[in-house]
Structures are given as C-alpha cells and as structure tokens.
Amino acid sequence: MVRVPFRGRGARTPASLEDEETRALVAGTASAAAAEVDGPAPADPDPTAAAFFDCDNTMMMGASLFWFARGLAARKYFTGRDVASFVWQQAKFRIAGSESAVDMHTVRDNALAFIAGRPVSEIVEAGEEIYDELMADRIWAGTRVLAQRHLDAGQRVWLVTATPIELAEIIARRLGLTGALGTVSEVVDGRYTGRLVGELMHHEAKAQAVRALADREGLDLTRCTAYSDSSNDLPMLSLVGTAVAVNPDTELKAVARSRGWVVKDFRTGRKAARIGVPTLGAAAVGGGAVSGLLALRRRNRWPF
C-alpha cells in the first residue's frame with residue numbers, strides 16, 4: 001500500500017500546509033495513491049464511468065469508525081474513558097446532523113493516536129473480525145443494490161469515506177466493490193505513527209481524492225455518479241455528472257430538490273439524525289461511561 005511521507009507534529013510546518021485547501025489536496029492525493037484496484041474486469045467494461053459512495057449512513061447504518069472503535073475497545077485497545085469520549089462526539093454528530101469545523105479539526109489533530117506504534121497488519125486483522133461482528137448486518141440493502149447496478153453495467157465503484165483507508169478497503173472488498181478512498185495515516189516500518197497524511201477524508205478532501213483518482217484511472221467525471229447522505233459531501237456531489245442523495249440530512253435534501261438530484265431514502269421510522277442514538281447510548285452504558293460523558297466533554301478528550 002502506498003504511503004506518503006508527512007511531517008511529524010513536532011516539526012515546523014510550512015504555512016501552506018496550514019491552509020485547509022492545501023491539506024485537503026494532500027489528503028485527497030494520498031488517498032487516491034493508496035487506492036488499490038482488485039478483482040476481475042467485467043465482461044463488458046465501461047472504463048470511463050464510475051460510482052463513488054460515501055459510507056456512513058449512506059452505505060452503512062451509523063458511523064463505521066464508531067463500530068470499529070467499539071470492536072477495538074472490546075479488544076482492550078483503549079479505556080472506558082476513551083470510549084466515552086468517542087461516544088460523546090459521535091452522539092453530538094448524530095443528534096446535530098452535522099460536523100463542526102472545530103470537531104473535525106480535533107479529530108484530525110488526534111487521529112489514530114490510540115494505535116500509534118502498533119503494526120498495520122494487527123489493525124487490519126482486527127478490522128476483518130470487527131466487520132463480521134458489528135458491520136456486516138448494518139449495510140443498507142437498498143444502497144448495496146445501487147452499487148451493484150453500477151458494477152453490472154461494467155463500471156467501477158469506490159467507497160469514499162473519512163474512515164481509515166485500511167478499514168475502508170475491508171468494507172469495500174467485503175461488498176465486492178472496486179476499492180476505497182479513505183483517510184491515510186502515516187506509517188513507518190509497518191507501524192502507525194499516530195499522525196495523518198494531510199487531512200481527514202472529509203468535505204473538500206473527498207472531492208480532491210475523486211479528482212485525483214479520475215486523473216489516474218482515466219475517468220470522465222461527467223459520466224460518473226456520487227452518492228451521499230450529508231451536505232458535507234457537496235464538493236464531491238457537485239464534481240460528478242450525476243449526484244444522488246441517499247438518506248439525506250435536511251440541508252442536503254433541500255439542495256438536492258433545488259438542483260433536481262435524485263433522492264433515495266431507505267430509512268424507516270425516525271429520521272437519520274436519530275438513528276444512531278439508541279446504539280450509542282447502549283455503548284455508553286456498556287462501557288460504564290454515563291457519568292464520564294460530561295466530564296470528558298469538559299476536558300475535550302478525543303482518542304482518534
């Protein structure tokens with residue numbers, strides 16, 4: 001897997017790398033470079049068209065990184081307090097239905113610190129197990145059908161997600177997709193350093209990754225399709241010829257209607273902003289974290 005070198009936290013950082021657009025470009029380029037394309041070519045390939053699917057609440061119910069964190073917590077990778085911090089941030093995200101810049105920067109600055117020094121192979125092995133335990137049954141059947149239609153038409157299909165590239169590739173492979181674009185972490189001698197390459201695969205970084213992959217693979221973006229539930233993915237959705245809002249948040253639904261985009265909603269009962277709350281609450285109770293949530297909120301701790 002390709003890894004792009006990145007300065008350590010203690011190093012002096014050029015001013016240009018502090019610019020959000022530059023960090024998004026670095027992250028997008030790194031993610032596209034890390035994307036692996038496997039599997040046999042279709043009988044009747046359509047090489048210049050492709051589909052790009054967001055993961056959380058688009059392909060999967062809830063946040064893939066949350067389920068990954070639950071699985072790692074069960075394997076004693078971090079403490080109950082760390083779980084409580086993650087539960088608090090995820091609950092805030094799901095209830096509010098959007099990510100603030102402050103929250104996303106906090107995630108970026110602390111991403112993967114909890115596995116710093118661990119071998120990549122160890123985390124990948126855990127990810128395979130966690131997918132079977134906690135994720136496989138949370139794939140939206142309707143979204144999977146949409147992806148399969150593109151594959152049947154001879155088009156390539158990628159996940160585009162803020163989750164770590166290693167986990168994103170596991171999810172993509174298990175679903176029979178072409179590959180994944182995800183957050184790339186710095187790796188030295190086969191071990192994580194606890195730092196990111198550039199930025200989280202989020203917002204503008206997703207569009208940069210799709211653009212870089214299109215250049216690499218010879219895709220015609222006007223013939224490509226993108227799917228997402230979140231207005232945060234408007235840069236990616238606006239980049240392609242066809243955009244589809246899947247289980248959309250309020251803002252994305254309004255934009256989709258104003259632009260004539262197709263809307264697909266596979267939810268039943270309560271809307272998506274509330275769909276993750278019961279499971280998040282159960283996780284908090286299970287981790288002994290109810291009393292710790294408010295304390296951790298004040299301390300602003302974040303394990304990723």
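The values are calculated or read from the model by the stated rules, or taken from the named source; none is laboratory data. Just so it is clear, the model here is predicted, and its values are computed rather than measured. Note that each Cβ is placed from the backbone with ideal geometry, even for glycine, and that neighbours are counted across all protein chains shown. Only protein heavy atoms, including side chains, enter the accessible area calculation; ligands, DNA and RNA are left aside. Shrake-Rupley method; radii C 1.70, N 1.55, O 1.52, S 1.80 Å.
The table that follows gives values for the structure above.
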quantity	calculated
Counting DSSP beta bridges with both ends in segment 176-270, the antiparallel % (nearest 5)	30
Fraction of accessible area attributable to carbon and sulfur, segment 206-261 (%, probe 1.4 Å)	43
Relative intensity, log₁₀ I(q)/I(0), of segment 172-274 from a Debye sum that treats every alpha carbon as a point, q = 0.20 Å⁻¹	-1.12
Accessible area expressed per residue, segment 196-247, with surrounding protein chains retained (probe 1.4 Å, Å²)	28
Distance (nanometres) between label positions extended 7 Å along Cα→Cβ at R223 and F266	2.6
